[in-house]
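Engineer: Got a structure here, written out as structure tokens. Questions coming.
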Amino acid sequence: MFERTLQDLIRGLRAHKASSKAQEDAFIAEAMVEIREELRGKDMALKAEGVLKICYLMMLYPIPAPPEFAFHVVEVMSSPRYHLKQIGYLAAPMAFSGDTEEVVLTVNGIKKDLMSPHVPLPPLPLTALPHLLSLSPSLSTALHPDLLHLLTHSSPRIRKRAVLCLLPCWEAFPEGLREGFPRLRERLQDSDQGVVGATVGVVMELARRQGGKNYLPLAPELFGILTGSTNNWMLIKVVKLFAILTPLEPRLVRKLLPPITSLISSTSAISLLYECVRTCIVGGMLDPDRAEGEALARVCVEKLGGYLRDEGGDQNLRYIALLAMVKIIPTHPSMVAEYQDEIMESLDDPDVSIRMRALELVTSMVDRDNLQTIADQLLSHLAPPESNTSTLPSAVASLTAIANQLSPTASKDPATTSTSVSLSPAYRLLLTQKLLSIVSYDTYVNVTDFEWVISVLIDVAYVSHVDVGQEIKRLVLDVVGRVKSVRQYAVGVLEKVLADEEFRDRGRDGTGEDGLIEAAIWVCGEYSSYLSSPLSAISSILSPTLHLSSSCLISLSLHAAAKIFGHYAASTSSSWSSDKHEECKALVTSIKSGLEPFLSTGDIEVQERAFEFTQLLNFVQADLTNHVPPSKTISSSSPISDIPEIEGGFADSDLPKDGNPPYPKSLFLFEPLFTSHELNAVAYKAQEAVRIPEELDLDLEIVPQGGFGDLSDEDEESEEEKPAIDLGEGGGEGMEELRRVLREQEKKGKRREGETKEERAKRRAARKAKHKDDPYYLYDKNEDAQEDDIDEIPIVKLDDSELAPLDPTSISTKSKSKNRNKEKQKKEKAPPPEFDRTGELPEGSTSTNIEQNSKEVNDDADKAVDGLAGIDLTSHTSTSNRGSSSRFEEYKEADEDESRKNDDLPATPTAEIEVVKVKRKKKGDKKKK
């Protein structure tokens, strides 16, 4: 039979690429049949070729491994031939998984290959071990001594691979870290730089997963590598390690300052520069309190700023420079602000990742002085070019344009790429969110002009073309509610927004404009006194296309129209005339016609508001129809004083002889419904700030016994005579009959005095016989057997001397004292600021910052940590010494302390035994005794 080699298989797959899917599947199925025959054969070379081919197919196609494939790989791994053994170890990571039982068959073969005297042989198992060790803890335990032995191998190639295998080995066998840590520390001083680099990488990963506490003793060796190595990649790892160790040992800062400063000023590798800057920030080297912190920060910023100013420089350098400046700006914002122009120019960069970093940096450098400048520049990026103001591309079109720019065959035009990124919906959404966040940061702490804030929010709604309407609505209402001086300006500009029918049409497409429209409707309705034209505002709110909007916006519009009409009707009374009379009648008719489509709508809230508003308007319309307008204009300086029951009502008015005002009273029907209380911003946790009255006892029942009195039988009523009800006299025959029936019912309900037991039993039997056949009457069938006379129940005195008396007054006193103690724990209310940043608190509150009654407890710190992260090398006790396979044990002073603790044990004569502490002597130790 012809055996197809791996090269033949590859040629066949390439030849069938142009054919149909069915032909390609048929070719693969035929190849799999041949591979299975080769794996079942006796020839080890053919079996290795089959293993190689199945591995190639598994990498390209979702083909499951044949049965017993792992066993065939074990056979190839055990082959004495080097090239076949190499194929076996190459296929082992693909053949073995977590539930593969054949892994245990490889232990002896791997140990034999690891300890082989032939130098080319140990690298073969070391290539596959990182995957195999993570599958089986037993395999890691068995091979751990051999890996430690290979750390001292004469070949640097083998030492390097053995070091890299220790990390997955210790993940599966954490206790091996205690035994292998001294050997790993020795490799930091290896003569081969490749071994040192691998060791530094393993230590960095261990420190990142465990924390740096276990690796503080390695600081001398790491410092030597930092000052002596010229390999940038190794230096990056060492600097990252010191970034982990420095917060745990502040004394390292003084030692690291000279080499870190030298690297920052001399290195040309931007990645190394970034790691140095990050280490300086994490370690507190740039702290302004340190004498050298300001100078070091200046060196870092100038170095990074040079990469930003290099217009023709590498894009990667610009990205890393922006990323490093983000780390520096929290401690030295003034230094970074010197490069504001360069940072803002990065927002026009064709690379979207650079734009993201520049945007993050811009939002971090905002203060009271540059807020308006930065916000205006970000707003200019949202405004589309003049040629594209009509429509913006969809998400699919934006991705297609970006893909075309990234294509190797496409022409890379920076201007075109920059424009396509600016029009991307995802980028515009992020830019808009950042712009809104810097304006509202910390309750507008950087804002000096709130009229500018209102205008910016309106501009964002017009030019962003992304769905941020709810956020804009929240900010507009928040600013108008907190800052009273801006309300007139806000009403003026939002009134124009309501009149923009094109903008309202855009809002129905779900692009976010509805948020500003809802805010404009609410503000114009709530503060209608600032409207320049209430009639135009009502016409804009109740537009003919309102029925096309959402139910929330319709209900809000109806409510706002009622507010505006109420203020307008009340204000016209100050200058009432026949013209005003006709104008009001026409306005009421117009509003009713606008409400008519919503009287039969499906939304219950819209329908309810429309009906209520219509019924009130009917009352006003009837009053206007019956009212006779005056012949001349009647003016009043204070129309609000003429509202009935407000400030004296009509007492001080010059009323006609009949006592009625010259205008309809129904003009003041609407306004008191909406102006009884002013709506202000509510403070955070205002509900918790409500003072509990001292006379209020929250432990007592509001309704005694839950509203249910003592239930007793209808014939066991109170013996006290109820006072007779005065039913009156007269009213005709019907009233006399009603009085007779009421008196009979009263007699039936009275206590039957002088009734004997026989009479009572007879009455009860008659009542039961009456209700016996009534299907709606429920009674107990065993009532006759269980019925007892209450008067025959014996009275027994209970011994309650051991029971504490329950005094209701004591409960009330305890609850009151508890409430007083809670009030004492609250802080005093802070003086009100000039700008209402905290919001409104309830009356009687004594604090604006209520402490939380329950604090969150961090349970993660108390939980026991398992695995590699739970190994503490700083502890002196070691559980792995009993199974240690190392050839020497390091002497520790703790061993001497342990021997001192056992002084109370029975001692044996030690005259003939001498304990000697074996250490390698140094030249300077000869004189020591």
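Engineer: Mind checking whether some residue in the range 500-511 is over 18 Å from Val460 (Cβ atoms), in a helix (DSSP H, G or I) and open to solvent by 50 Å² or more (accessible area, probe 1.4 Å)?
Structural biologist: yes
Engineer: Something else now. Mind checking which residues of the range 122-144 are open to solvent by 20 Å² or more (accessible area, probe 1.4 Å) and within 15 Å of Arg183 (Cα to Cα)?
Structural biologist: Within the range 122-144, none qualify.
Engineer: Among (1) of a type outside the set (A, V, I, L, M); (2) within 24 Å of Val299 (Cβ to Cβ); (3) within 37 Å of the chain's Cα centre (by Cα); (4) part of a helix (DSSP H, G or I), there is one condition Pro247 misses while meeting the rest; what is its number?
Structural biologist: The number of the failed condition is (4).
Engineer: Return the pair list, or none, for Cβ contacts closer than 6 Å from residues in the range 43-55 that are under 11 Å from Ser79 (Cα atoms) and touching a residue at least 60 places away in the same chain (Cβ under 8 Å) to residues that are buried (at least 18 other Cβ atoms within 10 Å of the Cβ) and among the aliphatic types (A, V, I, L, M), at least 6 apart or on different chains.
Structural biologist: Correct list of pairs: empty, since none qualify.
Engineer: Further question: Could you please give the count of residues in the range 339-370 that are touching a Phe, Trp or Tyr at 6+ places or on another chain (Cβ under 8 Å) and among the hydroxyl-bearing types (Ser, Thr, Tyr)?
Structural biologist: 1
Engineer: Among the residues of the range 277-325, write down those that are assigned to a helix (DSSP H, G or I) and among the acidic types (Asp, Glu).
Structural biologist: Our first condition is that a residue be assigned to a helix (DSSP H, G or I); within the range 277-325, this holds for 277-282, 293-309, 315-325.
Listed by number, the residues that qualify are Glu294, Glu302.
Engineer: If you don't mind, there's one more thing I want to ask. Restricting attention to the range 326-369, report how many residues are in contact (Cβ under 8 Å) with a residue 12 or more places away in the chain and outside any helix (DSSP H, G or I).
Structural biologist: First pass over the range 326-369, keeping only residues in contact (Cβ under 8 Å) with a residue 12 or more places away in the chain: 326-333, 335-340, 342-344, 346-368.
Add one more test, that the residue is outside any helix (DSSP H, G or I), and what stays is 329-332, 338-339, 349-351, 365-368.
Adding up the residues that qualify gives 13.
Engineer: Val119 fails exactly one of the following numbered conditions: (1) modelled with pLDDT of 90 or more; (2) buried (at least 19 other Cβ atoms within 10 Å of the Cβ); (3) not small (Gly, Ala, Ser). What is the number of that condition?
Structural biologist: Only one criterion is unmet by Val119, namely (2).
Engineer: Sticking with this one: Answer yes or no: is there a residue in the range 145-155 that is within 21 Å of Val74 (Cα to Cα) and open to solvent by 10 Å² or more (accessible area, probe 1.4 Å).
Structural biologist: Yes: the range 145-155 contains one or more residues that are within 21 Å of Val74 (Cα to Cα) and open to solvent by 10 Å² or more (accessible area, probe 1.4 Å).
Engineer: Still on this structure, please answer the following. Between a first residue in the range 561-587 that is more than 21 Å from Ile541 (Cβ to Cβ) and a second residue that is open to solvent by 40 Å² or more (accessible area, probe 1.4 Å) and part of a helix (DSSP H, G or I), which pairs have beta carbons less than 7 Å apart while being 6 or more apart in sequence or on different chains?
Structural biologist: Qualifying pairs under 7 Å: none.
Engineer: Something else about it: Cβ contacts < 9 Å: first residue within 17 Å of Arg504 (Cα to Cα) and assigned to a helix (DSSP H, G or I), restricted to the range 521-536; second residue modelled with pLDDT of 90 or more and among the basic types (Lys, Arg), any location; separation 6+ or different chain. Result?
Structural biologist: Trp522/Lys473; Val523/Arg487; Cys524/Lys563
Engineer: What tally of residues in the range 333-343 results from selecting those that are closer than 16 Å to Ser380 by Cα and touching a Leu at 6+ places or on another chain (Cβ under 9 Å)?
Structural biologist: Going through the range 333-343 one residue at a time, the tally reaches 1.
Engineer: Name the pairs: first residue in the range 219-233 and farther than 12 Å from Val200 by Cβ, second residue among the aliphatic types (A, V, I, L, M) and modelled with pLDDT under 95, Cβ to Cβ under 8 Å, at least 6 apart or on different chains?
Structural biologist: Ala219/Leu245; Ala219/Leu252; Phe223/Leu256; Asn232/Ala269; Asn232/Leu272
Engineer: Report whether or not Thr230 is of a type outside the set (D, E, K, R), more than 29 Å from Leu114 (Cα to Cα) and not in a helix (DSSP H, G or I). Quick ask: steps written out before the conclusion?
Structural biologist: Values: of a type outside the set (D, E, K, R): yes; more than 29 Å from Leu114 (Cα to Cα): yes; not in a helix (DSSP H, G or I): yes.
So Thr230 fits the description; yes.
Engineer: Restricting the search to the range 651-694, which residues are assigned to a loop (DSSP other than H, G, I, E, B), of a type in the set (Asp, Glu) and modelled with pLDDT under 80?
Structural biologist: So in the range 651-694, the residues assigned to a loop (DSSP other than H, G, I, E, B) come out as 651-664, 669-670, 675-681, 683-686, 690-694.
Cutting the leftovers down to of a type in the set (Asp, Glu) gives us 652, 654, 658, 678, 694.
Across the range 651-694, the qualifying residues are Asp652, Asp654, Asp658, Glu678.
Engineer: Would you be able to tell me the number of residues in the range 158-213 that are crowded, with 20+ Cβ neighbours inside 10 Å, at pLDDT 90 or above and of a type in the set (S, T, N, Q)?
Structural biologist: Here the count works out to 1.
Engineer: Filter the range 233-254 down to the residues that are open to solvent by 30 Å² or more (accessible area, probe 1.4 Å) and either hydrophobic (A, V, I, L, M, F, W, C) or modelled with pLDDT of 90 or more (or both) and list them by number.
Structural biologist: Going residue by residue through the range 233-254, those that are open to solvent by 30 Å² or more (accessible area, probe 1.4 Å) are 233, 237, 240, 244, 247-251, 254.
The answer is Trp233, Lys237, Lys240, Ile244, Leu248.
Engineer: Then there's this: Anything in the range 1-12 that is part of a helix (DSSP H, G or I) and open to solvent by less than 70 Å² (accessible area, probe 1.4 Å)? List them, or say none.
Structural biologist: Leu6, Asp8, Leu9, Ile10, Gly12
Engineer: Take the residues in the range 40-96 that are among the basic types (Lys, Arg) and open to solvent by 60 Å² or more (accessible area, probe 1.4 Å), then tell me which one is farthest from Thr5 (Cα to Cα).
Structural biologist: So the first thing to find is which residues in the range 40-96 are among the basic types (Lys, Arg), and the list is 40, 42, 47, 53, 81, 85.
When the remaining residues are screened for being open to solvent by 60 Å² or more (accessible area, probe 1.4 Å), the result is 40, 42, 81.
Numbers: Arg40: 16, Lys42: 17, Arg81: 19 Å.
Going through the qualifying residues, I end up with Arg81.
Engineer: Out of Leu304, Leu322, Leu317, Leu273, I need the residue that is of a type in the set (A, V, I, L, M, F, W, C) and surrounded by fewer than 21 Cβ atoms within 10 Å (Cβ to Cβ). Which one?
Structural biologist: Leu317 is the lone residue from the list that is of a type in the set (A, V, I, L, M, F, W, C) and surrounded by fewer than 21 Cβ atoms within 10 Å (Cβ to Cβ).
The values are calculated or read from the model by the stated rules, or taken from the named source; none is laboratory data. Fair warning: this is a prediction, and the values are worked out from it, not measured in the lab. All Cβ positions, even for glycine, are placed from backbone atoms using ideal geometry, and neighbour counts span all protein chains on display. When the accessible area is computed, the model is the full protein with side chains, heavy atoms only, and any ligands, DNA or RNA have been set aside. Shrake-Rupley method; radii C 1.70, N 1.55, O 1.52, S 1.80 Å.
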